[in-house]
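These notes are about the structure you will find just below.
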Amino acid sequence: MRIAGCGFLLTGASRGIGRALALELARRRCRVALVARDLDSLQKVAAEVQQLGGEARCFPADVGDAAAMGAVAREASGFLAPWRGVVANAGVGLHGPGVAVPAEKAAQLVQVNLLGVLHTIQAAFTYMERPALLGVVSSLSALIPYRGGGVYAASKAGVNALLRCLALELGREAVVGVLCPGPVATGMIQEGVPHRKLPRLARWLVPVLPPEKVARRMVRLFERGGGEAVIPWQAAFFASFYRHFPKTASLLLRLSGAGEP
């Protein structure tokens, strides 16, 4: 699927993976509608996009607000035409035992990580050309459990399930891509999902990815017709091992101190 010159709506675009995605799309001369809550940061990314030969406009909004995302889609549709793609990348992290996570924090995380994806795709799909490109940056946490990751992992696993269902429902109307990266060098590995809290095996064997590598893989997923991908290969190996040998994998996770203080 060729994406050069197409319009893309991108959430979580103000930093980290979102910023890297915006720049990767700019290199393909795409028009990008940048969505995040921080307008100042969005404007800096927009300037970088334009320096690389792309076009960008800023749409400050909270993906957890369905009405706000509907307004963004309406406003952005003219700028993006022909509008072909959307990447739901916005997310927040949370680490803590599931039985003790405050209800309001759990609700906020699900509102952004899961419902935010749904709001984004629902708002955008009406205006997009077919086949639409629907992408989401999920997480390895959706595939492998660890102590303290329950609520965050559940929100990401919900995203994976949502996109799988959409792929069946939409058929040839959409190319659906789901990317599950391991730890990425963004603020989230210090704040919401601390790298030091991940299983020791993961910390030792799975490298921390630069956001630029995640962005390139997301774009390639579209270009190769969608599907699901786990990166890096070490993370894909662990995810496959857990899927095929869950009891053994769970024992290894316990022994490896997954999520230890």
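What to note about this one:
- Pairs of lysine residues in the chain that meet both criteria, 8 or more places apart or on different chains and Cα atoms under 26 Å apart, total 8.
- Length gained when the stretch ARG2-GLU75 is fully extended (0.36 nm per residue, less Cα-Cα span): 23.8 nm
- Contact order relative to length of the chain, as percent, for alpha carbon pairs under 8 angstrom and 6 or more apart: 19 percent
- Counted residue by residue at 0.36 nm each, then reduced by the alpha carbon distance between them, the extension gain from LYS247 to ASP40 reaches 69.7 nm.
- Estimated from the Cβ-Cβ distance and a Förster radius of 45 angstrom, the FRET efficiency linking ARG57 and LEU168 is about 0.85.
- Hydrophobic long helices, here whole DSSP H runs in the chain with Kyte-Doolittle means of at least -0.5 and Cα atoms spread over 24 Å or more along the helix axis, are found at 150-170.
- Pairwise FRET efficiency - LEU205 versus GLU129, Cβ, R0 = 41 Å, nearest 0.05: 0.45
- Counting Lys and Arg as +1 and Asp and Glu as -1 over every other residue whose Cβ lies under 14 Å from the Cβ of ASP62, the net charge comes to -1.
- Using 0.36 nm per residue and subtracting the Cα-Cα separation, the extra length available between SER240 and GLN50 on full extension is 64.4 nm.
Read-outs: derived from the displayed coordinates by stated rules, not from any lab. Remember, it's a predicted structure, so these values are computed and weren't measured experimentally. Counting neighbours? That spans all protein chains shown, and the Cβs are built from the backbone with ideal geometry, glycine included.
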